[in-house]
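Since the structure comes first, as structure tokens, the remarks are kept for the end.
Every number here is computed from the coordinates shown, using simple stated rules; none is lab data. Values in this document were obtained by computation on a predicted structure and should not be read as measured data. Glycine also receives a Cβ, built like all others from the backbone with ideal geometry; neighbour counts cover every protein chain displayed.
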Amino acid sequence: MSDLLERLRGRGWRMTAQRRVVAEVLAGEHVHFTADEVLARAAARLPEISRATVYNTLGELVSLGEVIEVTADGRAKRYDPNAHHPHQHLVCSGCGVIRDVHPGGDPLDRLPAAERFGFTVSDVQMTFRGLCPDCARA
């Protein structure tokens with residue numbers, strides 16, 4: 001059972017067959033599927049699942065804070081189930097593949113107090129960009 005499924009069950013989230021299959025599709029490391037990719041994978045497991053159910057379930061998972069919406073370079077939103085483990089993203093500027101990365105140190109240390117303009121900073125989102133091995137060979 002994935003970490004996401006465990007978290008949802010721990011919250012008492014009503015686990016219908018459709019919701020379960022969406023959560024199962026999102027299981028794993030480095031998962032950053034678009035809604036259409038989630039739909040295609042969910043339909044392969046449960047052919048009667050509807051587009052509306054997938055989109056509604058993704059929206060609910062985001063609202064619950066169990067999945068993060070990731071947008072990179074104006075591409076389609078992607079859904080990241082790694083919501084409870086601090087990480088940043090490495091994005092291929094060629095094909096758009098996204099990987100979770102865990103750079104060392106506290107990212108807040110990269111913003112000096114003089115550059116915070118009085119803000120109380122609560123979150124940092126850094127994105128590393130480059131070419132994946134496949135795009136670099138092309």
Point to revise | Rounded D (µm²/s) - region 3-80, Kirkwood Rh over Cα pairs, Stokes-Einstein at 20 °C, 1.002 mPa s | key: 171
Check your understanding: For the chain, what is the relative contact order in percent, using Cα pairs closer than 8 Å and at least 6 residues apart in sequence?
Key -> 20
Review point. Quick one: what Rg and Dmax do you get for the chain from the alpha carbons, in Å?
Key: 17.0, 55
Check your understanding: Under a Cβ-Cβ limit of 4.7 Å, which cysteines in the chain have nobody to pair with?
Key -> C95, C135
Check your understanding: So what is the 222 nm mean residue ellipticity for the chain from helices alone, if each DSSP H run of at least 4 adds -39500 (n - 2.57) and you divide by all residues, rounding to the nearest 500 deg cm²/dmol?
Key -> -10000 deg cm²/dmol
Review point. Please state the relative contact order of region 88-137 as a whole percent: Cα pairs under 8 Å, 6+ residues apart?
Key: 55
Revision key, fill the gap. Output for region 46-138: GluC sites (Glu not before Pro) sitting in coil per DSSP, at most 12 other Cβ within 10 Å, listed by number, reads E48
Check your understanding: Which is the longest run of the chain containing none of the chymotrypsin sites (Phe, Trp or Tyr not before Pro) found in DSSP loop states (not H, G, I, E, B) with at most 14 other C-beta atoms within 10 Å?
Key -> 1-116
Check your understanding: Among D80, D36, D106, which one shows the biggest mean-square fluctuation in a GNM of the chain, springs joining Cα atoms closer than 10 Å?
Key -> D106
Review point. For the chain, what is the charge dipole size about the Cα centre, in debye to the nearest 20, if Lys and Arg each add +1 at the Cβ and Asp and Glu each add -1 at the Cβ?
Key: 320
Point to revise | Coil-residue trypsin sites (Lys or Arg not before Pro) of region 1-73, DSSP, other Cβ within 10 Å capped at 12 | key: R11, R14
